[in-house]
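The values are calculated or read from the model by the stated rules, or taken from the named source; none is laboratory data. The model shown is predicted, which means the values in this text are computed figures rather than measured ones. Every residue, glycine as well, gets a Cβ built from its backbone with ideal geometry; the counts of neighbours run over all protein chains shown. With ligands, DNA and RNA removed, areas are computed over all heavy atoms of the protein, side chains included. Shrake-Rupley method; radii C 1.70, N 1.55, O 1.52, S 1.80 Å.
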Amino acid sequence: MEDIIRGKVVWQFGDNFNADLIVGSRYIEERDPEVLGKVCLADLDAGFSQRVKPGDMVIAGRNFGYGHPHYQGLISLQRAGVSVLIAESLYPVWYRMAVFYAFPALECPGISQKAKPNDQLEVAVSTGLVKNLTTGEVLQAEPMPQFLLDIVKEGGMVAHLKKKLAAAQTPK
């Protein structure tokens with residue numbers, strides 16, 4: 001994961017968005033990441049997954065991701081090409097899942113008023129600095145704690161634990 005991510009806002013969720021709606025009920029038991037990427041937001045915008053480019057971003061209002069902790073919506077966003085999600089606030093379970101699957105997610109008060117679809121943003125994940133290159137607005141997101149940022153940078157919780165286990169088994 002790059003620390004500086006530049007891209008276009010491709011979707012804006014409102015407040016209290018249930019993350020299961022990212023893939024819809026038809027795909028909530030789907031396990032194939034490729035299928036999940038193709039059906040990302042299909043019930044809301046059938047052409048979404050074809051328009052997303054690497055680096056593109058999603059913004060959201062308060063309490064993004066509430067509901068049941070299904071990982072399919074998160075994997076769907078990743079596989080579609082979304083590089084970061086920036087929300088006013090994140091449902092805690094969804095935030096933990098984002099870290100587990102190495103998906104950068106930041107809480108940034110004011111983002112839903114200061115950024116809109118098609119705006120170009122630059123996000124420094126480690127510091128939480130969010131620059132709207134379209135409007136010139138600069139926002140400060142809550143930076144991810146370093147230990148969580150390390151997990152995301154290492155490829156998620158499984159990769160992080162494998163690295164720690166390998167280091168612990170290496171003779172000194």
Using helices alone, what [θ] at 222 nm do you get for the chain, with -39,500 (n - 2.57) per DSSP H run of 4 or more residues, divided over all residues and rounded to the nearest 500? -8000 deg cm²/dmol
List the aspartates and glutamates whose Cα sits under 18 Å from the Cα of residue 131, skipping any in the same chain fewer than 8 residues away. 2, 3, 56, 88, 107, 119, 122, 142
So which of 8/114; 8/162; 38/153 end up more than 22 Å apart by C-alpha? 8/162; 38/153
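With all protein chains present, how much of the accessible area of the chain (probe radius 1.4 Å) comes from carbon and sulfur, to the nearest whole percent?
Working: 4780 of 8720 Å².
Percent of accessible area from carbon and sulfur atoms in the chain: 55.
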Which labelled figure in (1) 1.30; (2) 1.09; (3) 0.98 is Rg/Rh (Cα atoms, Kirkwood Rh), once derived from the coordinates: (3)
Once each part is reduced to its C-alpha centroid, what is the distance from region 31-103 to region 105-172 in angstrom? 15 Å
Dipole in debye (nearest 20) - the chain, about Cα centre, beta carbon charges: Lys, Arg +1; Asp, Glu -1: 440 debye
